[in-house]
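Read through the structure below, which is laid out as structure tokens, and then see the notes.
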């Protein structure tokens with residue numbers, strides 16, 4: 001929609017959900033673990049469905065993943081409004097995000113100037129205030145930005161023998177979270193390299209272009225469900241919501 005002759009920039013969430021979650025050890029992808037009557041993925045989607053500044057939430061699934069639809073039939077997984085499923089996941093997270101961005105642009109679901117907010121499917125406790133903060137502070141920044149929290153614990157670097165080699169100064173160090181927000185054209189360019197093996201998150205891909213994204217204060221509640229012991233904390237956080 002034009003505004004004074006200019007197109008309004010949209011905020012589109014992209015949720016890569018093509019992984020198998022081996023470290024979690026649930027016998028199925030962790031995004032399909034059920035907590036309080038909903039799958040982790042549905043809890044995550046509900047966050048974006050409820051936010052007024054999010055136009056669309058795109059879930060990128062593996063090409064042969066029909067679990068989401070099966071879960072819908074089972075009655076505990078429903079796709080909220082403004083959600084689209086893209087069966088174009090790749091072999092890695094970076095490939096899945098690249099395929100998702102390309103598909104959004106090819107289908108006209110996103111324009112090059114729109115913001116893409118890449119978010120971990122397993123971060124189902126993202127507070128609305130943190131999401132708003134990212135959009136407000138990074139949404140108009142040409143370099144984009146990410147949610148992150150300053151490192152609070154003392155960091156140690158180990159040697160090959162398992163002993164402490166040195167203490168790493170934590171001043172200026174941040175722990176990256178998601179969402180990570182970038183203009184669609186910038187993110188597409190950053191993920192266009194044939195080898196994405198060195199890409200650990202979307203920000204690292206953008207940094208390889210010489211671009212410095214903005215750091216936006218995240219939230220300690222924005223926990224990623226990775227290991228079995230994380231589920232206890234996630235259950236408590238979701239119960240509070």
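The values are calculated or read from the model by the stated rules, or taken from the named source; none is laboratory data. Everything numeric here is computed off the predicted structure, so don't read it as measured data. Using ideal geometry, Cβ is built from the backbone for each residue, glycine included, and neighbour counts are taken over all protein chains shown.
Values computed for the structure shown
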{"quantity": "Given (1) out of contact with any helix residue (DSSP H, G or I) (no Cβ under 8 Å at 6 or more places or on another chain); (2) assigned to a loop (DSSP other than H, G, I, E, B); (3) under 30 Å from residue 113 (Cα atoms), index of the condition residue 172 fails", "calculated": "(3)"}
{"quantity": "Among residues of segment 205-227, those that are outside any loop (DSSP other than H, G, I, E, B) and surrounded by fewer than 16 Cβ atoms within 10 Å (Cβ to Cβ), counted", "calculated": "2"}
{"quantity": "Number of positions in segment 99-149 that are in contact with a helix residue (DSSP H, G or I) (Cβ under 9 Å, 6 or more places away or on another chain) and assigned to a loop (DSSP other than H, G, I, E, B)", "calculated": "18"}
{"quantity": "Checking residue 196 against (1) more than 14 Å from residue 138 (Cβ to Cβ); (2) assigned to a strand (DSSP E or B), the condition it does not meet", "calculated": "(2)"}
{"quantity": "Only listed residue being at pLDDT 95 or above, on the phi < 0 side of the Ramachandran plot and more than 19 Å from the chain's Cα centre (by Cα), chosen from 186, 181, 215, 173", "calculated": "173"}
{"quantity": "Scope segment 229-241; condition surrounded by fewer than 13 Cβ atoms within 10 Å (Cβ to Cβ) and in a loop (DSSP other than H, G, I, E, B); matching residues", "calculated": "229"}
